[in-house]
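Enquirer: The following block contains the structure, expressed as structure tokens.
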Amino acid sequence: MNRKSKYSVEKWFGTVLNEMDKGELCSIHLDRIGFVFRHGDSREFLDAVSVMEVVRDLVSNRFPDRIFSIVVAIPIEYTKSIQFWDPTMWAKIGRDREPPSLYIVPGAEKFEAMDEEYKRAVNPPFGKVKNEYYVYRSFRDFESMCNGWEFRSTIYILT
């Protein structure tokens, strides 16, 4: 794991407790808490899963009676048309200008019904670490559909 920031997962979690109390979605780009995703390096997924484990423990200790989904979204690319899954997409990790993001979502994670999308479960090239699962999604939201904007391809890691 390539660390470059002193802003820790625990410190960030402390700053979003009020939002979580209100049932709001909380997010942060992983580079803000010191994680760098390098081009095509699948070991970085292991680091993302480790961060998710820390966040899941923090959430369950602070909110034992509430359900939150912990999600990491790893952008792959923008395209003019919807992209179907191809295992070579793992090698495109780290090319996008947008860093991966960590989300704490109140309730169970759901994808929006008004999106235009293709999604499917995928297996990571290194095997699963714990109880996480991986979803590839090529999509654009309703506003993007109306304006003829690009599709976004992303891999989600969910717990």
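Each reported figure results from applying straightforward, stated rules to the coordinates on display, with no laboratory input. These figures come from a predicted structure and were not determined experimentally. Using ideal geometry, Cβ is built from the backbone for each residue, glycine included, and neighbour counts are taken over all protein chains shown.
Enquirer: Give LYS22/LYS92; LYS11/LYS130; LYS11/LYS128; LYS22/LYS130; LYS92/LYS130 a once-over and call out the pairs whose C-alpha atoms are over 31 Å from each other. Mind showing how you got there, number by number?
Expert: Numbers: LYS22/LYS92 37 Å; LYS11/LYS130 24 Å; LYS11/LYS128 27 Å; LYS22/LYS130 29 Å; LYS92/LYS130 24 Å.
Pairs exceeding 31 Å: LYS22/LYS92.
Enquirer: Can you sort ARG120, ARG62, ARG56, ARG97 by how many other beta carbons sit within 10 Å, fewest first? Intermediate values should be presented prior to the final figure.
Expert: On the way: ARG120 11, ARG62 14, ARG56 18, ARG97 6.
The most exposed by this proxy come first: ARG97, ARG120, ARG62, ARG56.
Enquirer: For the residues MET145, MET114, MET20, what sequence is obtained by ranking on other C-beta atoms within 10 Å, fewest first? Mind showing how you got there, number by number?
Expert: Numbers: MET145 14, MET114 9, MET20 18.
Starting with the residue having the fewest Cβ neighbours, the order is MET114, MET145, MET20.
Enquirer: Let me ask something else. Please arrange TYR136, TYR78, TYR103 by counting, for each residue, the other beta carbons lying within 10 Å of its beta carbon, fewest first. The partial results should precede the final answer.
Expert: Details: TYR136 22, TYR78 15, TYR103 18.
Lowest count first: TYR78, TYR103, TYR136.
Enquirer: Where does the chain land at 222 nm, in deg cm²/dmol rounded to the nearest 500, when only DSSP H runs of n ≥ 4 count, each adding -39500 (n - 2.57), divided by all residues? Intermediate values should be presented prior to the final figure.
Expert: Details: 4 runs with 38 residues, N = 159.
Helix-only estimate at 222 nm: -7000 deg cm²/dmol.
Enquirer: Using the alpha-carbon atoms, what tilt in degrees (0 to 90, nearest 10) does helix 43-62 show relative to the longest principal axis of the chain?
Expert: On a 0 to 90 degree scale, this one is about 40.
Enquirer: At what distance in nm do the modelled label points of MET145 and ARG95 sit from each other, each positioned 7 Å from its Cα along Cα→Cβ?
Expert: Label-label distance for MET145 and ARG95, simple model: 2.7 nm.
Enquirer: Between GLU116 and GLU24, what's the calculated FRET efficiency when r is the beta-carbon distance and R0 is 25 Å? Round to 0.05. Intermediate results must be reported in sequence, preceding the final value.
Expert: Working: r = 26 Å, r/R0 = 1.05.
Using R0 = 25 Å, I get an efficiency of 0.40.
Enquirer: Among MET145, VAL129, SER60, whose Cα lies farthest out toward the positive end of the dipole of the chain, if unit charges sit on the beta carbon of Lys, Arg (+1) and Asp, Glu (-1)?
Expert: Going by the charge dipole, the pick is VAL129.
Enquirer: With a cut-off of at most 16 other beta carbons within 10 Å, and DSSP calling the residue loop, which GluC sites (Glu not before Pro) in region 130-159 qualify? Please list them.
Expert: Values: sites: GLU132, GLU143, GLU150; in loops: GLU132, GLU150.
Taking region 130-159 and a limit of 16 other Cβ atoms within 10 Å, the loop GluC sites (Glu not before Pro) found are GLU150.
Enquirer: How much length would be gained if the chain were fully extended between ARG66 and ILE82, taking 0.36 nm per residue of separation minus their Cα-Cα distance, in nm to one decimal? Don't jump to the answer; show the numbers that get you there.
Expert: Numbers: separation 16, 0.36 × 16 = 5.76 nm, distance 3.56 nm.
Contour length minus Cα-Cα distance gives 2.2 nm.
Enquirer: Report the label-to-label distance for ASN131 and VAL16 in nanometres (one decimal), using points 7 Å from each Cα along the Cα→Cβ vector.
Expert: Inter-label distance under the simple model: 2.0 nm.
Enquirer: Quick one: dipole size for the chain, taken about the Cα centre, charges +1 on Lys/Arg Cβ and -1 on Asp/Glu Cβ, in debye to the nearest 20.
Expert: With Lys and Arg at +1 and Asp and Glu at -1, about 480 debye.
Enquirer: Once Rh is set to the Kirkwood radius over Cα pairs, what Stokes-Einstein translational diffusion coefficient, in µm²/s, holds for the chain at a temperature of 25 °C and a viscosity of 0.890 mPa s?
Expert: D = 150 µm²/s.
Enquirer: Right, another one. Given Cβ point charges of +1 (Lys, Arg) and -1 (Asp, Glu) and nothing else, what value in debye, to the nearest 20, does the dipole of region 117-159 about its Cα centre take?
Expert: Values: 7 positive and 5 negative charges, 54 e Å.
Roughly 260 debye for region 117-159.
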